[in-house]
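Read the figures in this text as sums done on the coordinates, not as results from a lab. Computed from a predicted structure; not experimentally measured. All Cβ positions, even for glycine, are placed from backbone atoms using ideal geometry, and neighbour counts span all protein chains on display.
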Amino acid sequence: MYVLLFYVDNELRIKPYYAGHVLGAAMFEVRVGHESIVYTGDFNMTPDRHLGPAEIDRCRPDVLISESTYATTIRDSKRARERDFLKKVHDCINNGGKVLIPVFALGRAQELCILLESYWERMNLSIPIYVSKGMAEKAVDYYKLFVTWTSEKIKKTFVKRNMFDFKHVLPFDDSFADNPGPMVVFATPGMLHSGQSLKIFKKWATNEKNMVIMPGYCVQGTVGSKLIAGIRKLDLENGTTLDVKLSVEYMSFSAHADSKGIVQLIRNCDPRHVLFVHGEESKMEFLKQKVERMLCKFLFYILLIHFSFFVIVIKYYYSDSCVEASKWTKRGSEHDSINRH
């Protein structure tokens, strides 16, 4: 593990750690004198096809602030999921259908492009694979530039060939959506709530030969979340109803740590106290109890930060009692929406 140290002054030291998740993601230990805090941000303890796992040493911080997006989830075998993904894509295009894969520009798109690129090469397929113009294309350029930040496997093959110089993955033009015949399209955004992915979905949704594969979490209320929930009649913004006939598949290729990964990180860095953020309160409470049973060592838990635009609410859990403290910003206006990413 290669670690840098940044000394701001004699008291303040910052140490970044590799976080996996997406290219350039980092966790940070901030130490002032004899006290320290680790902030994970988004991290992933499982290596994938283009990034390594998060790494942290036994730094024993006073407080660990950890994401908890998948606080109650333990994922199945990644290889089995990849085989299932490839089979479903291949079956659909063999049947003359089109496959839409809504993705975010950075991370999942590149991992699945590598997966399909190698499969296309192995199977000698010529069906076009497209990726959204704009952000996703720029992301691939950054991966090419910063290939040394990727997984060991990618770095080793870089001597012969940059894995992000795709032969089979091409830029997508809006007019291609009307082309006859099978194709695979990666389009943003990943939750089908707007943009190019939603436009393509509307065009392809009524053909039962087609397929949409949702590879990650979707916020409640988005088209993606409704499809995952089994809703097949969608009320659109213009007052019309879309009758969905294409196949809908949900396969989690999320770049967030699952429950097992979160516990592993806690074991690795050995903090005195833990603060869970970026998750659902009931699920964070479940994970709190799980960690408490497994490690049996924390004096108290700081469980939930409720972020809104103007107010931060922190709940401190001491056995049966709960003390709530509110910290207001200078603007002081009340706003009760929750921002989740």
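Summary table
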item: Sequence ranges 274-282, 141-149, 254-262, 114-122, ranked by mean other-Cβ count within 10 angstrom, highest first; result: 254-262, 274-282, 114-122, 141-149
item: Among the listed pairs Lys153/Lys288; Lys15/Lys283; Lys153/Lys260; Lys87/Lys209; Lys15/Lys78, those beyond 27 Å (Cα-Cα); result: Lys153/Lys288; Lys15/Lys283; Lys15/Lys78
item: In Å, descending, principal axis extents of the Cα set of the stretch 89-250; result: 54, 31, 26
item: Per-peptide average of other Cβ atoms within 10 Å, ordering 78-85, 97-104 highest first; result: 97-104, 78-85
item: Centroid-to-centroid separation of the stretch 1-71 and the stretch 166-194 [C-alpha atoms, Å]; result: 36 Å
item: Local electrostatic count, Ile14, Cβ distance below 14 Å [Lys/Arg +1, Asp/Glu -1]; result: -1
item: Those aspartates and glutamates that a straight Cα-Cα span of less than 12 Å connects to Lys245, excepting residues fewer than 8 apart in one chain; result: Glu208
item: Sequence-separation-based contact order of the stretch 89-250, relative, with Cα cut under 8 Å and 6+ spacing, percent; result: 31 percent
item: Ascending count of other beta-carbon atoms within 10 Å, so fewest first, for Met211, Met123; result: Met123, Met211
